[in-house]
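Just below is one structure, and these are the notes that go with it.
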Amino acid sequence: MNRVAIITASDTGYLGQRKDLSGPVIQEIVEASGYEVVHYIMLPDDQDMLSEEMKRIADSKVADLIVTTGGTGFSKRDCMPEATIAITERSVPGIPEAIRAYSMQFTKRAMLSRATAGIRKNTLIVNLPGSPKAVRESLEFIISELSHGLEILSGEATNCARK
């Protein structure tokens, strides 16, 4: 069973001024897809804090997959893509490209997402938007393919042929 860590980036949520609605959506979807949530944290939009937490999770082998929500927009405080890029060793551009392309069916504002994805050690990190609706649309679209990517990453894939 793949282990998942969820990180929500929100200044107001971190201060207890706003309830996290997107993290629970991630948890619902990944658990329904057979993943185990092993870590959940809300942090402020602080690049160093976000990077350090992702690095700790990956380097300590806490989770196979880190799914983040929030911090991918144009606000001056939005820094999740930068925090992710700073600690990943390899980029995985196809995941955010696919999410943006799919999301364009629902809103042209999807083109404004700066979300990224990458690999650190044996952990895949995927940034998702901050709204619960966008998280649901995005994650439900990609979740079925993530398990195959994680199998390849861990060396457990038995058949890498295209389907």
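Coordinate-derived values only; no laboratory data. A quick note: this is a predicted structure, and the numbers were derived from the prediction, not measured. Neighbour counts are summed over all protein chains in view; Cβ atoms, including those assigned to glycine, are modelled from backbone coordinates with ideal geometry.
Checking each residue in segment 1-46 for being crowded, with 18+ Cβ neighbours inside 10 Å, within 18 Å of residue 132 (Cβ to Cβ) and among the hydroxyl-bearing types (Ser, Thr, Tyr) picks out 8, 10, 14, 22. Residue under question is residue 63, and the condition is that it be of a type in the set (A, V, I, L, M, F, W, C), on the phi < 0 side of the Ramachandran plot, surrounded by 23 or more Cβ atoms within 10 Å (Cβ to Cβ) and in a loop (DSSP other than H, G, I, E, B); does it hold? Spelling it out, residue 63 is indeed of a type in the set (A, V, I, L, M, F, W, C), on the phi < 0 side of the Ramachandran plot, surrounded by 23 or more Cβ atoms within 10 Å (Cβ to Cβ) and in a loop (DSSP other than H, G, I, E, B).
Against the conditions (1) over 18 Å from residue 30 (Cα atoms); (2) part of a loop (DSSP other than H, G, I, E, B); (3) among the small types (Gly, Ala, Ser), residue 98 satisfies every one except (2). Each residue in segment 1-28 was checked for being in contact with a helix residue (DSSP H, G or I) (Cβ under 7 Å, 6 or more places away or on another chain) and not in a loop (DSSP other than H, G, I, E, B), and 9 of them qualify. It is to be established whether one or more residues within segment 136-155 are outside any helix (DSSP H, G or I) and not hydroxyl-bearing (Ser, Thr, Tyr). The answer is yes; a qualifying residue exists.
Among the residues that make up segment 66-80, is at least one of them in contact with a strand residue (DSSP E or B) (Cβ under 6 Å, 6 or more places away or on another chain), buried (at least 23 other Cβ atoms within 10 Å of the Cβ) and at positive phi? Checking segment 66-80: at least one residue is in contact with a strand residue (DSSP E or B) (Cβ under 6 Å, 6 or more places away or on another chain), buried (at least 23 other Cβ atoms within 10 Å of the Cβ) and at positive phi. When residue 82 is tested against (1) more than 22 Å from residue 29 (Cα to Cα); (2) touching a residue at least 12 places away in the same chain (Cβ under 8 Å); (3) not in a helix (DSSP H, G or I), only condition (3) is not met. Just one residue in the set 59, 46, 64 is among the charged types (D, E, K, R) and touching a Leu at 6+ places or on another chain (Cβ under 6 Å); that residue is 64.
Checked against (1) in a helix (DSSP H, G or I); (2) free of Cβ contacts under 8 Å to residues at least 60 places away in the same chain; (3) closer than 23 Å to residue 60 by Cβ, residue 118 passes all but condition (1). Of 147, 138, 91, all but one fail to be touching a Leu at 6+ places or on another chain (Cβ under 6 Å) and in contact (Cβ under 8 Å) with a residue 12 or more places away in the chain; the exception is 138.
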